[in-house]
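All remarks here apply to the structure that follows.
The values are calculated or read from the model by the stated rules, or taken from the named source; none is laboratory data. On a predicted model such as this, the values are computed, not experimentally measured, just so you know. Reconstructed Cβ throughout: ideal geometry from the backbone, glycine too, with neighbour counts over all protein chains shown.
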Amino acid sequence: MTTDLLSLQKTINAASKRIEEAYHRAARAAGLSDSAFDILYALHVAGEGCSQRQLCELCFTRKQTVNSAIKRLQQNGTVRVEAGPGRATHIFLTAQGRELVNNRVIPIIDAETTALSSLSPQQRTALSAGLPRYADALVEALDATGGRR
């Protein structure tokens, strides 16, 4: 592997870890666990209601983790759970949940937008083209090593 690729790998890994830690701190500052934050963020982005399966996909989180977080959010009145078609379960924000999203999640989305606006249009284009391609290639390579769930 070339020095350039190793250097790029190190830079990407460091940036990824810094971003992950920043989201963790933001969730804690909002008084939320990481999984609860991810679920509220996903419910906001998805619009009105979302199946538990969709939440797992949007949050890139295992079903058990999402289920546990939903139970806690339901107990504290942040979400309500309704039966969907078949065995599907749909999760909706309550009025309290919408207020929490407005006060704690939307400011983080605004921070994301501010950070993206600090990039030039060319940098945003390169990021939006390169990052998903890199993620797909990395997932494929990691899955090939036996890391597939």
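Checked against the criteria, residue 51 counts as surrounded by 13 or more Cβ atoms within 10 Å (Cβ to Cβ) and in contact (Cβ under 8 Å) with a residue 40 or more places away in the chain. In segment 129-147, the condition of being in contact with a Lys or Arg (Cβ under 9 Å, 6 or more places away or on another chain) and either modelled with pLDDT of 95 or more or surrounded by 14 or more Cβ atoms within 10 Å (Cβ to Cβ) (or both) is met by no residue.
Scan segment 34-64 residue by residue and report those that are polar (S, T, N, Q) and either part of a helix (DSSP H, G or I) or more than 15 Å from residue 88 (Cα to Cα) (or both). Matches in segment 34-64: 35, 52, 54, 61, 64.
Among the residues of segment 105-128, those that are over 19 Å from the mean Cα position of the chain (by Cα) and surrounded by fewer than 12 Cβ atoms within 10 Å (Cβ to Cβ) comprise 117, 118, 120, 121, 122, 123, 125. Beta carbons closer than 8 Å, at least 6 apart along the sequence or on distinct chains, pair a first residue in segment 63-90 that is more than 18 Å from residue 105 (Cα to Cα) and free of Cβ contacts under 8 Å to residues at least 40 places away in the same chain with a second that is of a type in the set (Gly, Ala, Ser) and surrounded by 14 or more Cβ atoms within 10 Å (Cβ to Cβ) for 65/35; 68/35; 82/49; 84/51; 88/51; 89/51. When residue 21 is tested against (1) in contact with a Cys (Cβ under 6 Å, 6 or more places away or on another chain); (2) of a type outside the set (Gly, Ala, Ser); (3) modelled with pLDDT of 95 or more, just one condition goes unmet, and that condition is (1). Annotation: of all residues in segment 65-104 being part of a loop (DSSP other than H, G, I, E, B) and touching a strand residue (DSSP E or B) at 6+ places or on another chain (Cβ under 9 Å), the one that is surrounded by the fewest Cβ atoms within 10 Å (Cβ to Cβ) is 88.
One line per residue, one yes/no per condition, for (1) polar (S, T, N, Q); (2) in contact with a Ser or Thr (Cβ under 9 Å, 6 or more places away or on another chain); (3) farther than 23 Å from residue 131 by Cα:
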{"position": "8", "(1), (2), (3)": "no, no, no"}
{"position": "14", "(1), (2), (3)": "no, no, no"}
{"position": "36", "(1), (2), (3)": "no, yes, yes"}
{"position": "106", "(1), (2), (3)": "no, no, yes"}
